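Below: the structure, in structure tokens.
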């Protein structure tokens with residue numbers, strides 16, 4: 001291969017991928033590797049940081065070998081966000097497994113700090129919830145022998161996966177992140193754009209372990225020759241959902257995006273205006289030389305994870321692709337609902353004690369019914385968040401742009417449009433987290449202009465509402481009843 005490319009390194013929750021895009025936005029090289037998930041106790045989720053980095057490196061090396069290191073203008077990184085890694089500054093070895101964003105182990109810490117919840121929401125835009133990084137950091141420092149003393153001596157470093165992988169790719173030369181990721185830590189003030197001393201004190205986190213926060217489109221260093229053969233610039237990083245929003249040209253007013261991944265994440269850009277909601281998260285979309293851009297986000301804990309549960313735990317499907325045919329084989333949902341509260345419910349409920357529920361089953365219930373209920377649960381949860389966004393803005397959304405593996409399911413996309421009552425647009429490239437990382441990197445390095453990047457993101461299909469609105473409202477009302485029955489169970 002002898003054409004210039006930009007590479008995205010996409011650090012996901014269940015696997016890592018690297019993709020090389022050419023000037024036309026075409027994928028010219030691609031590699032993906034899954035890594036194991038660890039569940040040491042109910043509600044706990046962990047990754048081995050060495051496996052996380054190892055698979056990322058393997059995918060990157062595959063793409064570099066195929067595309068040619070000399071042809072790569074830059075690498076952009078996007079990542080699962082709140083997942084927390086702490087490692088030894090000298091040896092580079094993690095002192096504990098990565099605590100994943102889905103993990104609920106810090107519920108007790110959040111309960112003990114409940115009196116500070118208003119301060120956290122005001123300063124960070126986030127809820128005092130186990131989802132975010134801050135209480136995970138505290139848990140590791142409190143529970144790993146000698147960790148707190150080492151942290152105080154400046155011997156430990158903290159990072160989300162972007163920071164951890166970057167540190168390794170640059171052979172320890174760069175310990176940095178950027179605002180869209182920093183804003184998910186529960187210790188970063190999104191008003192002052194800095195780590196907050198008061199919040200650090202509340203969580204007993206030494207400032208010395210924290211990464212430098214650079215602009216989202218900054219130069220983050222060169223990959224070490226021992227890693228990629230040639231030094232390649234790492235330019236541009238974004239949290240996965242903000243990267244997706246960036247790819248969708250999400251700065252357009254009235255437009256929201258939803259990524260159907262392990263979880264489902266719905267965001268709408270609020271520009272330089274910080275919009276608050278009692279049930280949604282205010283966060284940073286990106287920060288560049290042009291200024292900071294904010295977003296309103298609904299974080300849904302379980303989307304594709306429920307399909308994985310169908311496949312791996314109860315084994316009624318061999319692959320997620322089977323669910324579309326199974327759902328379409330039925331005339332209706334037979335009043336069967338599934339609430340995927342495996343680790344509680346996220347937006348807009350924020351109920352750590354909710355648990356999964358399958359309701360409405362009879363002797364007639366089939367595996368097709370269950371599969372359809374699981375698929376429909378994704379659309380209902382997005383509807384929950386869309387309604388909250390409407391309340392925050394005082395205006396309807398005009399359309400939803402989608403991405404992620406599950407958006408390939410035509411049944412789900414049509415049902416989503418029916419519930420929302422407005423169009424759902426599916427792009428030609430559904431791996432938009434990777435495209436967003438490539439985009440911010442390519443614009444910063446001059447590989448693409450902003451206009452050229454916008455043309456890359458073309459629409460493949462538009463789904464428009466086809467269901468009777470009264471029918472859609474009736475189905476949604478039943479969903480809300482099912483959710484109430486799942487809550488406060490644990």
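Where a number appears in this text, it was derived from the coordinates with a stated rule and is not lab data. Since we're looking at a predicted model, the values are computed, not measured. Cβ coordinates were reconstructed from backbone atoms using ideal geometry, including for glycine residues, and neighbour counts include every protein chain displayed.
Things worth noting here:
- Residue exposure sequence - 202, 232 - by fewest surrounding Cβ within 10 Å: 202, 232
- Region 208-300: Rg to Rh, with Rh as the Kirkwood radius over Cα pairs: 1.05
- Debye intensity ratio in log₁₀ form over the Cα atoms of region 171-216, taken at each q of 0.24, 0.29, 0.32, 0.34 Å⁻¹: -0.87, -1.14, -1.27, -1.34
- Whole-Å distance, taken between Cα centres, linking region 163-218 and region 360-382: 41 Å
- Ascending count of other beta-carbon atoms within 10 Å, so fewest first, for 175, 47, 248: 175, 47, 248
- For region 245-386, the calculated P(r), taken from all Cα-Cα distances in 5 Å bins from zero up to the bin holding the longest distance, is 2, 10, 18, 19, 16, 12, 10, 7, 4, 2, 1, 0, 0 percent.
- The per residue volume of the convex hull around the alpha-carbon atoms of region 1-103 is 102 Å³.
- Estimated 222 nm signal from helices in the chain, with DSSP H stretches of n ≥ 4 weighted -39500 (n - 2.57), rounded to 500: -10500 deg cm²/dmol
- Under the Debye formula (equal points on every Cα, no solvent term), log10 I(q)/I(0) of region 408-490 at q = 0.11, 0.24 Å⁻¹: -0.51, -1.06
- Working note: Cα atoms of the chain, range along each principal axis, descending, whole Å: 60, 55, 43.
- Pairwise inverse Cα distances across region 300-371, averaged and inverted, put the Kirkwood hydrodynamic radius at 13.1 Å.
- If R0 is 25 Å, the Cβ-Cβ spacing of residue 115 and residue 39 corresponds to a FRET efficiency of close to 0.20.
- D_trans [Stokes-Einstein, Kirkwood Rh over alpha-carbon pairs] for region 148-295, 37 °C, 0.692 mPa s, µm² s⁻¹: 199 µm²/s
- Normalised alpha carbon radius of gyration of region 83-153 [divisor 2.2 N^0.38 Å]: 1.18
- Shown for region 161-246 is the translational diffusion coefficient from the Stokes-Einstein equation, using the Kirkwood radius over Cα pairs, a temperature of 4 °C and a viscosity of 1.567 mPa s: 94 µm²/s.
- Compactness relative to 2.2 N^0.38 Å, alpha carbon Rg of region 5-240: 1.00
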